[in-house]
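Notes to accompany the following structure.
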């Protein structure tokens, strides 16, 4: 059995299916996922050195509590809850162990508490409150703070009411326990849940200032704190200063060695800084942990996201083998060949695109695949097929209501249509018309929201800059490449184009040549154009 098959088998075991094993009304015992009928082992090699001292005489309970806390910091919700459950088995009187499972069932940054999770959270907190006499003062305070977060008849629509009450309670504990890093991290998590998860953040926003301040307080005392650094990466990545998280990101990936989401998280910062090789390393490590889940030495957390980030970073960094292989592995996991086709376009492997046959589902994914086939057909001499593809893409652009993650589908499809239209015009000798089409593609592209990774592994400016260069508009070419380098620092395509534009202008290229040379050190391709 090859690595991917072993991984898929592990996912089947690890993720499982949610089944009803009890009555559906909230006053009876809540139901639990299938995995809760199985023993959760300790994963010593996958865990870091995190420790939160609990008032239990059971060393086993302590170990499981540490594991549960780390896994929740890694957003491995089910595995975290199962670990806290094992801690309860090891010490049935451990109130804070009950708190741990209740906490794990609640909202976290990547997922609001669901109607099925709410009864589990409420029931476990009720058990924890019944054992307050077994808790230390700190533990009792944590249990009481969480009590403000859960109600018996939970309505997801009104979740913010409970989230605000919980944040208020954690603010009090943050003041009461100023040296406790977990209390501070939990407070920051509570604050973050009151913010919009996606989009750009202003450094002048008082809420952002407060959130950053709490996390920076933790990191000033422990730069390698996995929970605080994880949140800080997310809190800074969509601001003008993503580099603020770089110091802790250097430690984050190995802080919980077998948790793939923690391994991967530094790449959110590295992508924003254009440190593509660092991003590739982070996501490769994450993909290794995803595969280690098959042999019980890792946790597969968002594996398709890890591979998507890997394919994207390698595309920007010019590492074709890594990008294409990541996209192929992604297609094996989710059956979506769109990214595989797009990676082949990025690196000019047009004959290989023609050999793809499995069309992906979803309007935007299919448009990416269709664009790739049309672009490859053009490069292989079939202008008729390319033109037919272009008509289809423009029709989709003008009629679609589809969404792709956090984007309007029309903006993605329109960017692709503009690129293909421009390339068709270029092939016919109409470079001025091509530049006009590439500008149109850029307008659609610029309407995309913040995302990690972005939905396209290239920028239309790689084409627009090349068109301006061909037209002798060297200043305009350099301007487009410079804009792209602000958005995607150190990407090899715009570095190449900017360097060539400067040469054409007769300006010094010493700095740009050095930057290009550094960026190309890990690249496995030879460039003679910023587009292919």
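Hey, can you tell me all the residues within region 466-484 that are surrounded by 24 or more Cβ atoms within 10 Å (Cβ to Cβ) and touching a residue at least 40 places away in the same chain (Cβ under 8 Å)?
Once the filter is applied, which keeps residues that are surrounded by 24 or more Cβ atoms within 10 Å (Cβ to Cβ) and touching a residue at least 40 places away in the same chain (Cβ under 8 Å), region 466-484 yields 466, 467, 481.
Take residue 504 and tell me if it is assigned to a helix (DSSP H, G or I), within 33 Å of the chain's Cα centre (by Cα) and more than 23 Å from residue 338 (Cα to Cα).
So residue 504 fails the test.
Pairs under 6 Å by beta carbon, first residue assigned to a loop (DSSP other than H, G, I, E, B) in region 221-235, partner buried (at least 24 other Cβ atoms within 10 Å of the Cβ), six or more apart or different chains?
Going by the 6 Å Cβ cut-off, the qualifying pairs are 223/248; 224/255; 225/218.
Look through 394, 463 and report the one residue that is surrounded by fewer than 18 Cβ atoms within 10 Å (Cβ to Cβ) and modelled with pLDDT of 95 or more.
Checking each option against the conditions leaves just 394.
With the checklist (1) assigned to a helix (DSSP H, G or I); (2) at pLDDT 95 or above in hand, flag the one item residue 163 doesn't pass.
(2) is the only condition that residue 163 fails.
Filter region 168-182 down to the residues that are farther than 12 Å from residue 146 by Cβ and in contact with a helix residue (DSSP H, G or I) (Cβ under 9 Å, 6 or more places away or on another chain) and list them by number. Quick ask: steps written out before the conclusion?
Our first condition is that a residue be farther than 12 Å from residue 146 by Cβ; within region 168-182, this holds for 168, 171-172, 174-182.
Once the filter is applied, which keeps residues that are farther than 12 Å from residue 146 by Cβ and in contact with a helix residue (DSSP H, G or I) (Cβ under 9 Å, 6 or more places away or on another chain), region 168-182 yields 168, 171, 172, 174, 176, 177, 178, 179, 180, 181, 182.
Taking the criterion of being on the phi < 0 side of the Ramachandran plot, within 22 Å of the chain's Cα centre (by Cα) and free of Cβ contacts under 8 Å to residues at least 12 places away in the same chain, would at least one residue in region 319-334 satisfy it? Even if it seems obvious, please write down each step before you answer.
Residues of region 319-334 that are on the phi < 0 side of the Ramachandran plot, as a first pass: 319-334.
Checking which are within 22 Å of the chain's Cα centre (by Cα) leaves us with 319-334.
Imposing the further condition that a residue be free of Cβ contacts under 8 Å to residues at least 12 places away in the same chain reduces the set to 325.
Checked against the condition, which is being on the phi < 0 side of the Ramachandran plot, within 22 Å of the chain's Cα centre (by Cα) and free of Cβ contacts under 8 Å to residues at least 12 places away in the same chain, region 319-334 yields at least one hit.
Just need a number here: residues in region 119-130 that are under 16 Å from residue 87 (Cβ atoms) and either surrounded by fewer than 20 Cβ atoms within 10 Å (Cβ to Cβ) or at pLDDT below 95 (or both).
Here the count works out to 1.
Evaluate region 456-464: report whether one residue or more is closer than 16 Å to residue 348 by Cβ, touching a helix residue (DSSP H, G or I) at 6+ places or on another chain (Cβ under 8 Å) and in a helix (DSSP H, G or I).
yes
Within the set of pairs 6+ apart or on separate chains, which have a first residue in region 196-214 that is not assigned by TED's automatic domain parsing to the domain that holds residue 171, a second that is exposed (fewer than 12 other Cβ atoms within 10 Å of the Cβ), and C-beta atoms under 6 Å apart?
none
If you take just the helices (runs of 4 or more DSSP H) that sit entirely in region 1-112, which of them hold at least 2 residues that are surrounded by 14 or more Cβ atoms within 10 Å (Cβ to Cβ), at pLDDT below 95 and outside the structural domain of residue 133 (by TED's automatic domain parsing)?
By residue number, 3-15.
Checking residue 487 against (1) under 19 Å from residue 454 (Cα atoms); (2) touching a helix residue (DSSP H, G or I) at 6+ places or on another chain (Cβ under 6 Å), which test does it fail?
Just one mismatch for residue 487, condition (2).
The values are calculated or read from the model by the stated rules, or taken from the named source; none is laboratory data. All of these numbers come straight from a predicted model, not from anything done at the bench. Reconstructed Cβ throughout: ideal geometry from the backbone, glycine too, with neighbour counts over all protein chains shown.
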